[in-house]
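I have a structure I would like to understand better, so I am pasting it below and will then ask my questions one at a time.
Each value in this text was obtained by applying a stated rule to the coordinates, not by laboratory testing. It should be emphasised that the depicted structure is a prediction, and the values quoted were computed from it without experimental measurement. Neighbour counts run over all protein chains shown; Cβ positions are idealised from the backbone, glycine included.
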Amino acid sequence: MLAVITRARPAMEVRMYPRAFDYLAPETKEEVLDVLAERGDEVKILAGGQSLIPMMKLRLASPGTLVDINRVPDLDSISIGNGHLTVQALVRHNDIVNSELVTTENAAMASAAPWISDPIVRNLGTLAGSVAHHDPEGDWASVMLACGAQVVAESRDGGERVIPITEFLTDMFTTSLQPTEMITEVRVPRYTSRTTHEHAPPRGGGNYQKLERKVGDYATVGVATHLELGDDGGISKAGIALTSVYSHNLKVTEAEHLLVGSHASDELFAEAAEIAKIACTPASDVRGSAEYKKDMVRVFTERGLAASLALAQR
Amino acid sequence: MQITVTVNGAEHSADVEPRTLLVDFIRNDLRLTGTHIGCDTTACGVCTVLLDGTPVKSCTVFAVQANGRSITTVEGLKQNGDLHPIQVAFKEEHGLQCGFCTPAMMLVGAKLIEDNPNPTEDEVRWAISGNLCRCTGYVNIVKSIQLAGKMATAGSDS
C-alpha cells in the first residue's frame, strides 16, 4: 500500500502578498504631480509605507500605481517660519523624536513622537503619511487637531492648497485630499508669544497621554492637549483631541470653548475632562470595556491639561 | 523591474516584480536566510535589516525601494573572518535561546552601540522594543548588547 504523503505547502503560498502594481520612483516633485494628474484615483503615494504596505498586504488597499516619493529632494526638513513649525512630507517619526526644534517649539508633538508605534517603524513612518491615512487609532491626527495644524497639498493644475486640519480629516480613513494632490507639508502654529518675539518664553505647553497594551500596539486611549496663556494669565488657546475612542480622531470643541477665557484650575480641568468623557463613544473590545476607556479619557484629559499648564507656566 | 542593491558590501542585480517584499528578495533571490519572517505584519521585528545603516522591518519595505541603496543583514556583521563584537557578546552572555529573533536583535544592538557605546539597561530595552523574543530571553539579550558596547569601545581604544 502506498503511503499518502502530504507535503506542507511552500511558505510563499500562504504569505500575505499585495496585488501587482506599477511602481514609479520619480526624482522631482513635478514628476510626482504629473503622475497624480494623469492617473489620479488609482495612485497611492508611498512615503514611509508603514501603514500602506500592511494595508496592501491585507488587500484592504490595492492601488494600480505606487508612486515612491522617497527619491524627491528637499522634502525631509523640519523648520520654523511665518509663524509655523513646518514638518515636510518625508520627515520620519524618529526625526521628530530627535528634533531639538520640536522640543522647544511644540510640547504636544515632542510628547507624542516617542509613543508612535515602535522604534523601527519610527525610522520609516512619517507624520504626513499618518495624517493622510487617518486611522482613528492614529496618534498624530489627534495631536494635529489639538494644535490647530494645517495640511499643505499641491497638485499640478491646482497649485498649492492650505487645508485646516479640521477640514482635512473628514471621516475614518477618509480625508479631503484630492486624488490629484500630494501632501507636501504639515504646518503647526507656533506658540503665540514666539510669533512676536523669537526667543520669548513659550507661554504654552502640550502633552500626549497614551494607553497601550504593548509597544507598537494601537492606542487603547490617546489624549492630545495644547494650552496657551494670555497676558492676563488666563487661557488664550486650548486644544483637546482623542484617539481610538470615536469613529475618527475627535476634537472636543465644547471642552476647548469652556477653557478659553478662563483661569486654569483643577475644577475647570475636571469639568473639561468630564465633557471629553461624555463626547467619546468607544467600543468594548479586547483592549478594554467602553466604560473603562471613557473613564481613561477623563483621567488622561485631566492629566494632559495639568502637564500642559505646568509647561505653559515655566 | 531591474534593481541593483548592495548587500553586505556586494552588489547584486536582479529583475524583481515591484510587489516583491525586501525580506523575500533577501531570502529567496539572494538565499541569505539569516533574515527571518515571523508575523509578516510589522509587529515582531525578526525581519529587521539595516537599510543604509538604519534598522527597518524588511517585511514592510518593497525590494524596489532598496534600488541603489545598501543593505546589511546578519550575514554581513562578520568582518574579515572575525565575528562582530555583538556576535561575540551574544555568545558570551548566552543572549539567545531558540535563535529566531537573534539576527534582528544583533543588528538593532549593533546599530545602538554604534550611536551609544555605553547604553543603560533602559536605553537598550527602549531600542529593542520593536523586536519580540518569543523565548522571552530579554535579560541576556540586554546584557549581551551592553557587553558588546564595552567590547567595541575597548577594541577601538587598542
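Run the Debye formula on the Cα coordinates of the range A:72-154, all scatterers equal and no solvent, and tell me log10 I(q)/I(0) at q = 0.11 1/Å.
-0.25
Given the alpha-carbon gyration tensor of the range A:205-314, what are the semi-axes of its equivalent ellipsoid in whole angstrom, ordered largest first, with each equal to the square root of 5 times an eigenvalue? List each step's numbers first, then the result.
Details: eigenvalues 129, 37, 21 Å².
After diagonalising the Cα gyration tensor, the semi-axes are 25, 14, 10 Å.
Which number do you get for Rg(Cα) / (2.2 N^0.38 Å) in the range A:15-67?
Values: Rg = 11.3 Å, N = 53, 2.2 N^0.38 = 9.9 Å.
Its radius of gyration relative to the 2.2 N^0.38 Å reference: 1.13.
I've got another one for you. If you split all Cα-Cα distances of chain A into 10 Å bins from zero, what percentages do you get per bin, shortest first?
With 10 Å bins starting at 0, P(r) equals 6, 26, 32, 21, 10, 3, 1, 1, 0, 0.
Taking the Cα centre of the range A:32-133 as origin, sum charge times position over the Cβ atoms of Lys and Arg (+1) and Asp and Glu (-1), and report the length of that vector in debye to the nearest 20. Mind dumping the intermediate values first?
Working: 7 positive and 11 negative charges, 76 e Å.
Magnitude of the dipole: close to 360 debye.
Near B:Ser70, within a Cβ-to-Cβ distance under 11 Å, what is the net charge of the other residues, with Lys and Arg +1 and Asp and Glu -1?
On the way: positive: B:Arg69; negative: B:Glu11, B:Asp52.
Result for the neighbourhood of B:Ser70: -1.
Please report A:Ser176, B:Ser156, A:Ser51 as a ranked list, fewest other C-beta atoms within 10 angstrom at the top and most at the bottom.
On the way: A:Ser176 14, B:Ser156 9, A:Ser51 24.
So the residues, fewest neighbours to most, are B:Ser156, A:Ser176, A:Ser51.
Other chains near A:117-128: what is the mean number of their Cβ atoms within 10 Å of each residue's Cβ? Don't skip to the answer; put the middle values down first.
Working: counts 3, 10, 10, 18, 8, 2, 9, 9, 2, 0, 0, 0.
Going residue by residue through A:117-128 and averaging, the value is 6.
Right, another one. With a cut-off of at most 12 other beta carbons within 10 Å, and DSSP calling the residue loop, which trypsin sites (Lys or Arg not before Pro) in the range B:87-127 qualify? Please list them.
Hits after loop and neighbour filter: nothing returned.
Counting other C-beta atoms within 10 Å, and keeping those with at most 14, which DSSP coil trypsin sites (Lys or Arg not before Pro) do you find in the range A:175-227?
On the way: sites: A:Arg187, A:Arg190, A:Arg194, A:Arg203, A:Lys210, A:Arg213, A:Lys214; in loops: A:Arg190, A:Arg203, A:Arg213, A:Lys214.
Taking the range A:175-227 and a limit of 14 other Cβ atoms within 10 Å, the loop trypsin sites (Lys or Arg not before Pro) found are A:Arg213, A:Lys214.
Would you grab the residues whose amide H sits under 5 Å from the one on B:Phe62? Only those 5+ places off in sequence or on another chain, please, with H modelled 1.01 Å from N.
B:Leu22
Sorting A:His197, A:His257 on the 10 Å Cβ count, fewest up front, what's the list?
By the 10 Å Cβ count, ascending: A:His197, A:His257.
Just name one of A:Gly138, B:Thr6, B:His84: the one whose Cα is farthest towards the positive end of the charge dipole of the protein assembly as shown (beta-carbon charges, Lys/Arg +1, Asp/Glu -1).
B:His84
Take B:Cys101, B:Cys133, B:Cys39 and order them by how many other Cβ atoms sit within 10 Å, fewest up front. Spell out each step's value before the answer.
Values: B:Cys101 26, B:Cys133 22, B:Cys39 13.
Lowest to highest Cβ neighbour count: B:Cys39, B:Cys133, B:Cys101.
Moving on. May I ask for the Rg/Rh ratio of the range B:51-91, computed from Cα atoms with Rh as the Kirkwood radius, given to two decimals?
Numbers: Rg = 12.6 Å, Rh = 11.9 Å.
Rg/Rh for the range B:51-91 comes to 1.06.
If you add up the charges near B:Ser129, with Lys and Arg at +1 and Asp and Glu at -1, over every other residue whose beta carbon is less than 10 angstrom from its beta carbon, what do you get?
Working: positive: A:Lys214, B:Arg125; negative: A:Asp118.
Cβ neighbours under 10 Å give a net charge of +1.
Counting other Cβ atoms within 10 Å, keep those with at most 10, restrict to DSSP loop, and tell me which GluC sites (Glu not before Pro) in the range A:118-223 are left.
Values: sites: A:Glu137, A:Glu154, A:Glu160, A:Glu167, A:Glu181, A:Glu185, A:Glu198, A:Glu212; in loops: A:Glu137, A:Glu181, A:Glu198, A:Glu212.
Passing sites in the range A:118-223 are A:Glu198.
Using the Karplus curve 6.51 cos²θ - 1.76 cosθ + 1.60 with θ = phi - 60°, what ³J(HN,Hα) values do you get for each residue of the range A:40-45, in whole Hz, with x for Gly and Pro?
So the Karplus estimates, Gly and Pro as x, are x, 3, 7, 9, 10, 8 Hz.
Compute the signed sum of charges (Lys and Arg +1, Asp and Glu -1) over the other residues within less than 12 Å, Cβ to Cβ, of A:Ile120.
On the way: positive: A:Arg92, A:Arg122, B:Lys57, B:Lys111; negative: A:Asp118.
With Lys, Arg at +1 and Asp, Glu at -1, the net is +3.
Still on this structure, please answer the following. Under a plain spin-label model, where a point goes 7 Å from the Cα along Cα-to-Cβ, how far apart in nm are A:Asp76 and A:Leu268?
4.4
Run down the lysines and flag those whose C-alpha is under 19 Å from the C-alpha of B:Lys57, throwing out any fewer than 8 positions away in its chain.
Output for B:Lys57: A:Lys57, A:Lys214, B:Lys111.
What is the ratio of the Cα radius of gyration of the range B:2-73 to 2.2 N^0.38 Å, where N is its residue count, to two decimals?
Details: Rg = 10.8 Å, N = 72, 2.2 N^0.38 = 11.2 Å.
Cα Rg divided by the expected 2.2 N^0.38 Å: 0.97.
Explain nothing, just the number: dipole magnitude of chain A about its Cα centre with +1 on each Lys and Arg Cβ and -1 on each Asp and Glu Cβ, in debye rounded to the nearest 20. Please report the intermediate quantities before stating the final value.
Details: 30 positive and 42 negative charges, 228 e Å.
Value, rounded to 20: 1100 debye.
Treat each spin label as a single point 7 Å out from the Cα along the C-beta direction, and report the A:Asp285 to B:Asp52 distance in nm.
3.5
Give me the three principal axis extents of the range B:85-153 from the C-alpha atoms, as integers in angstrom, largest value leading.
29, 22, 17
Among A:Thr174, A:Ala255, A:Gly239, whose Cα sits farthest toward the positive end of the charge dipole of chain A (+1 at Cβ of Lys/Arg, -1 at Cβ of Asp/Glu, about the Cα centre)?
Of A:Thr174, A:Ala255, A:Gly239, it is A:Thr174.
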